[in-house]
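Take a look at the structure set out below.
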Amino acid sequence: MRHPRKMILGAVMRGTGSHVAGWRHPSVDRRMLAGASKLDHYLRIAQFAEAGKMHFVFTADSPAITYQALPALMARAAQDYYLDPISLLSALAARTDRIGLVGSASTSYSDPYTIARQFASLDHLSHGRASWNVVTTFETAAAGNFGRRTHIAPDERYARAGEFLGLVRRLWDTWEDDAFTRDPASGQFIDPAKLHLVEYHSAHFDLEGGLNVERPPQGHPVIFVAASSEEGRALAAAEADALFTAQPEMEAGRAFYADVKRRVVQHGRSPESLAVLLGAMIIVAPTDAEAQDRHAALRDAIDVDFGVAYLSSLVGADLSGLSLDDPLPDALRQEPRWSRVPLVMDIAQRRNMTFRKIALHYADQYGHQFLVGSPTTIADALQEMFEAPIADGFLLRSPYYFGGLEDIVTQVVPELQRRGLFRTEYAAGTLRDNLGLDRPCHPAALPSMQPAQAALHG
Ligand SMILES: Cc1cc2nc3c(=O)[nH]c(=O)nc-3n(C[C@H](O)[C@H](O)[C@H](O)COP(=O)(O)O)c2cc1C
């Protein structure tokens with residue numbers, strides 16, 4: 001069966017699997033846990049993803065100890081420890097050939113020059129496979145690591161993020177593509193006429209200068225934005241090539257997808273130029289029953305105390321005093337610190353869940369799509385979302401390593417390929433080529449259009 005559209009697939013890379021109880025799963029080898037800060041661990045994940053012809057691997061990041069304020073939870077939560085993304089992705093660039101390399105970096109706790117230089121360098125080192133997942137960091141504990149007393153408020157974070165991204169693009173355009181002439185005969189190494197220094201002053205940034213790195217192979221590394229809020233969608237529609245989001249329910253997902261595509265068109269872009277990618281946990285086994293058993297083993301390892309603490313970390317308040325047999329108080333919707341709070345509240349109310357139930361549910365599923373079943377059952381669910389459409393692709397979360405990811409690559413991917421929904425080969429070239437994205441031209445190469453518009457849309 002041939003499908004005009006093909007799914008975009010990426011795999012999450014973490015020290016321990018993406019399920020909170022994944023690290024304790026009987027199939028997990030303790031040596032793997034000890035290796036969670038070593039290159040080999042991530043290389044194996046990247047090699048599985050590359051064997052599955054996936055578009056990219058993704059490493060999240062947050063410049064803080066996520067549960068430092070909740071020691072009881074911190075003692076039992078294995079997931080939120082991250083190697084510096086640029087260090088990790090650069091090491092992987094040297095040991096992989098085709099897989100795209102997506103890493104998060106915060107616009108709230110870094111500066112445009114450093115980020116522009118890091119991702120431009122990664123793009124050169126990887127022959128055009130670099131991608132920056134733009135996050136504004138919801139983690140309040142990050143503030144202290146950067147000399148701040150308080151965390152930056154959401155609207156301020158997004159105002160800063162928009163300018164930040166624009167500046168990074170201008171820095172990537174410091175040099176025209178052919179500025180580095182390297183001509184020993186004439187002795188000219190660079191054509192100074194092809195240098196475009198940046199001068200920028202605003203309430204957030206003062207920058208006068210330029211990048212000392214050649215224009216990246218992709219022109220601009222691929223831009224992902226991870227968000228679901230109004231501000232996050234607005235930023236993505238204006239600036240991004242892909243949007244990471246958590247959409248666990250079909251109807252809300254349909255509305256979200258349509259809204260995002262409408263915003264993209266309002267920016268004079270084609271709807272395909274921004275891919276909507278849903279986070280999706282995949283627990284697969286040869287039969288539905290076996291997969292359900294695997295899920296049950298993970299779910300049953302979560303107790304209420306852990307669930308309560310995990311939900312408390314979500315909302316940023318200690319909920320341990322609330323009655324477990326009552327619904328969550330609606331007051332939790334006020335000034336949510338990130339869009340996952342109203343999303344989880346909606347799930348609880350739509351499914352009539354008590355605090356106990358939603359606490360266990362959230363710890364188990366984290367607000368993302370959660371698919372359990374045989375390869376056919378999983379492929380059916382992914383196909384339904386792809387054709388609805390509520391997604392152009394998925395960020396696949398494995399419950400544990402390496403068996404959880406291997407099962408996805410050896411069981412689910414072939415089924416999607418058999419249905420013609422996913423490719424069977426890499427396209428030649430860069431990550432942009434593999435995502436079907438144009439390479440942004442240098443503004444100086446475009447006569448008439450507004451430089452900024454031209455740079456963004458190639
Ligand atoms: C798939 C996915 C990946 C994310 N990765 C990160 C990350 O690496 N670091 C981070 O601070 N936030 C990450 N986030 C959270 C978002 O950046 C953002 O804070 C969150 O979606 C809430 O933003 P919003 O309130 O604007 O929607 C991720 C979210 C999603 C859906």
The chain, relative contact order in percent, only Cα pairs under 8 angstrom and at least six apart counted: 21 percent
For the chain, share of DSSP beta bridges that run antiparallel, in % to the nearest 5: 15 percent
Cα gyration tensor category, rounded, prolate or oblate, for region 106-227 with a/c compared to 1.5: prolate
C-alpha center-to-center spacing [region 340-370, region 234-310] in angstrom: 14 Å
Reachable lysines from LYS38, criterion Cα separation under 22 angstrom, eight or more residues apart if same chain: none
Built amide H within the under 5 Å cut-off of ARG129, gap 5+: LEU431
Under the Debye formula (equal points on every Cα, no solvent term), log10 I(q)/I(0) of region 41-145 at q = 0.16, 0.19, 0.21 Å⁻¹: -0.75, -0.96, -1.08
Degrees, to the nearest 10: 375-387 long Cα axis against longest axis of the chain: 50 degrees
Amide H contacts under 5 Å for GLY100, placed H, 5+ residues apart: PHE56, VAL57
R0 of 35 Å, Cβ-Cβ distance PHE205-GLU230: FRET efficiency to nearest 0.05: 0.90
Vicinal HN-Hα couplings computed from phi for region 325-336 (Karplus, 6.51 cos²θ - 1.76 cosθ + 1.60; Hz; Gly/Pro x): 9, 10, x, 5, x, 5, 4, 5, 6, 6, 6, x
Apportionment of accessible area to carbon and sulfur, the chain, percent (1.4 Å): 53 percent
Options LEU165, LEU243, PRO26, ranked by Cα towards positive dipole end of the chain, top entry (Cβ charges): PRO26
Charge dipole magnitude, Cβ of K and R +1, D and E -1 - region 94-146, Cα centre, debye nearest 20: 200 debye
Built amide H within the under 5 Å cut-off of ALA285, gap 5+: ALA291, GLY373, SER374
Under the Karplus curve 6.51 cos²θ - 1.76 cosθ + 1.60, θ = phi - 60°, whole-Hz ³J(HN,Hα) for region 393-406, x wherever Gly or Pro sits: x, 9, 9, 7, 9, 8, x, 7, 10, 8, x, x, 6, 4
Convex hull (Cα only) mean projected area of the chain, reported in nm² to one decimal: 22.9 nm²
Solvent-accessible heavy-atom area per residue, rounded to whole Å², over the chain at 1.4 Å: 42 Å²
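The values are calculated or read from the model by the stated rules, or taken from the named source; none is laboratory data. What you see is a predicted model; the values in this text were computed from it and never measured. Methodologically, a virtual Cβ is constructed for each residue, glycine included, from the backbone with ideal geometry; neighbour enumeration extends over all protein chains shown. Surface accessibility is based on the protein's heavy atoms, side chains included, excluding ligands, DNA and RNA. Shrake-Rupley method; radii C 1.70, N 1.55, O 1.52, S 1.80 Å.
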